[in-house]
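Below you'll find the structure, written out as structure tokens, and then a few comments.
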Amino acid sequence: MRSLFWGLIAVLLLAGLTPLIERWLPPGYDPFAPLSIDDPPTVVTRFKLSRLAGDPDGCLAVLERAREAQWISFSLPGDSSGQCPLSSPVRVQGFGSVALSSSFLASCPLALSSAMFVAQVAIPEAQSRLDSPLARIDHLGSYACRNVYHREQGRLSEHATADALDVSGFRLGDGRELAVLRGWGRDDEAGAFLHTLFERSCSYFGNSIGPDYNAAHANHFHLGMRGFGICR
């Protein structure tokens, strides 16, 4: 009975302090506020993004706000069946003014995380570091019904649920092409740009795997939703 009493007191105190806590918390740190596309990539933001995996309607509502802000263009192809079925997938067609080498199929959380990463990191970094707008993102695909590393046995890859995108390079408005395979080891602004984008991607995705991890990722950044801030 005593524990119930103190539990009730704790709940009442929390309820009374919540308005004060919310007033002083900066954007991206308020666990009580719904996710905003402008939120910085804090631990709280990543937690909110991970929760949207189980809330397709809520995720799509946030993604619609990203579309209204012209951060992303997409269509809804509908559920698919088969060996690797997809529920509520999104076909990403572009990120605002940034084109894609081709559209790609994504889970809603992957589409949303990608839109936030491109708008908050890739676009401003290209302009500030390389003095040119980001024009296009090249990729090797997203959805593929297969196991990790194409092994015959083992767990399914994130690609089997459209929860990962393999980015192979970036193209600028002035015509420059920055391929991960050729640019990762360069000691210049282009190489620094690629390293910066990879390092900052770790805050937007559950896992980011790049060329330093193994030879299988020498030519791309694997940006996936599994895990929580894994950066390799």
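The values are calculated or read from the model by the stated rules, or taken from the named source; none is laboratory data. This one's a predicted model, so the numbers in the text were calculated from it and none came from an experiment. Note: ideal-geometry Cβ built from the backbone for every residue, glycine included; neighbour counts use all protein chains shown. Protein only, heavy atoms only, side chains kept; ligands, DNA and RNA dropped before computing areas. Shrake-Rupley method; radii C 1.70, N 1.55, O 1.52, S 1.80 Å.
Of note:
- Against the numbered list (1) open to solvent by less than 20 Å² (accessible area, probe 1.4 Å); (2) closer than 24 Å to residue 94 by Cβ; (3) free of Cβ contacts under 8 Å to residues at least 60 places away in the same chain, residue 143 comes up short only at (1).
- Restricting the range 194-232 to residues that are of a type in the set (S, T, N, Q), closer than 19 Å to residue 157 by Cα and assigned to a loop (DSSP other than H, G, I, E, B), the residue that is farthest from the chain's Cα centre (by Cα): 214
- Flag if residue 183 is more than 21 Å from the chain's Cα centre (by Cα) and under 23 Å from residue 102 (Cβ atoms): yes
- Residue in the range 169-181 that is open to solvent by less than 10 Å² (accessible area, probe 1.4 Å), closer than 17 Å to residue 118 by Cα, assigned to a helix (DSSP H, G or I) and touching a helix residue (DSSP H, G or I) at 6+ places or on another chain (Cβ under 9 Å) present: yes
- Unique match (being within 20 Å of residue 204 (Cα to Cα), of a type outside the set (Lys, Arg) and open to solvent by 30 Å² or more (accessible area, probe 1.4 Å)) among 60, 76, 52: 60
- Close pairs (6 angstrom Cβ cut-off, 6 or more residues apart or separate chains): touching a residue at least 40 places away in the same chain (Cβ under 8 Å) and within 13 Å of residue 85 (Cα to Cα) in the range 154-178, surrounded by fewer than 16 Cβ atoms within 10 Å (Cβ to Cβ) and among the polar types (S, T, N, Q) anywhere: 156/147
- When residues in the range 195-232 are screened for being without any contact (Cβ under 8 Å) to a residue 12 or more places away in the chain and touching a Gly at 6+ places or on another chain (Cβ under 9 Å), 2 of them pass.
- The range 120-134 residues that are more than 10 Å from residue 174 (Cβ to Cβ) and at pLDDT 95 or above, paired with ones that are open to solvent by 70 Å² or more (accessible area, probe 1.4 Å) and among the aromatic types (Phe, Trp, Tyr) (beta carbon under 7 Å, 6 or more apart): none
- Test: residue in the range 144-154 that is at pLDDT 95 or above and closer than 21 Å to residue 226 by Cβ: no
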